[in-house]
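**Student:** Quick one: the structure is below, and I'll ask about it shortly.
Quick note: the coordinates plus some simple rules give every number you see, no bench work behind them. Treat the numbers as computed from the prediction; the structure is a model and nothing was measured. With ideal geometry, Cβ positions are generated from the backbone for all residues, glycine too; neighbour counts draw on all protein chains shown.
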């Protein structure tokens, strides 16, 4: 069950781009439980490492975001940066899989938090 949830979450930018459903709706439909911690982070890393084509999709997702605050993921100085805009926490990585997994985890947590605070 958890592996299916992780697969849905990791494919989120592709599914949103396909149209018809928002990111928040996809997180709700995935069965993800907000604040599930290290177990989900490790599973995201494993899934991204086995599906490296998703790294490009998440880089595009981050680049296309138009928000006043939130997480982003980008190449920087031969490595990768995952940071919170504006003036928030910053993480640097040498490895694209590690950076992407960290971004996915933090982005999903943010979307899940938003979904929880705006539920009926």
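**Student:** For the chain, set up a Gaussian network in which alpha carbons nearer than 10 Å are linked by springs, and say which option among 98, 53, 42 fluctuates the most.
**Tutor:** Among 98, 53, 42, the largest mean-square fluctuation in the Gaussian network model of the chain belongs to 53.
**Student:** Arranged by the count of other C-beta atoms within 10 angstrom, fewest first, what order do 52, 116, 11 take?
**Tutor:** Lowest count first: 52, 116, 11.
**Student:** Here's a follow-up. Counting other beta carbons within 10 Å of each Cβ, put 84, 32 in order, fewest first.
**Tutor:** Ranking 84, 32 by Cβ neighbours within 10 Å, fewest first, gives 84, 32.
**Student:** I've got another one for you. For every helix of n ≥ 4 consecutive DSSP H residues, a contribution of -39,500 (n - 2.57) applies; sum these over the chain, divide by its total residues, and give [θ] at 222 nm rounded to the nearest 500 deg cm²/dmol.
**Tutor:** Using -39500 (n - 2.57) per qualifying helix, the result is -18500 deg cm²/dmol.
**Student:** Still on this structure: Please check: in the Gaussian network model of the chain (C-alpha springs, under 10 Å), which one of 86, 75, 13 has the largest mean-square fluctuation.
**Tutor:** Highest fluctuation among the options: 86.
**Student:** Over the alpha-carbon set of region 2-117, divide Rg by the Kirkwood Rh and report the Rg/Rh ratio to two decimals.
**Tutor:** Value, to two decimals: 0.93.
**Student:** Additional query: With a 10 Å Cβ neighbour count serving as the proxy for reagent exposure, in which order, fewest first, do 49, 22, 117 appear?
**Tutor:** By the 10 Å Cβ count, ascending, the order reads 117, 22, 49.
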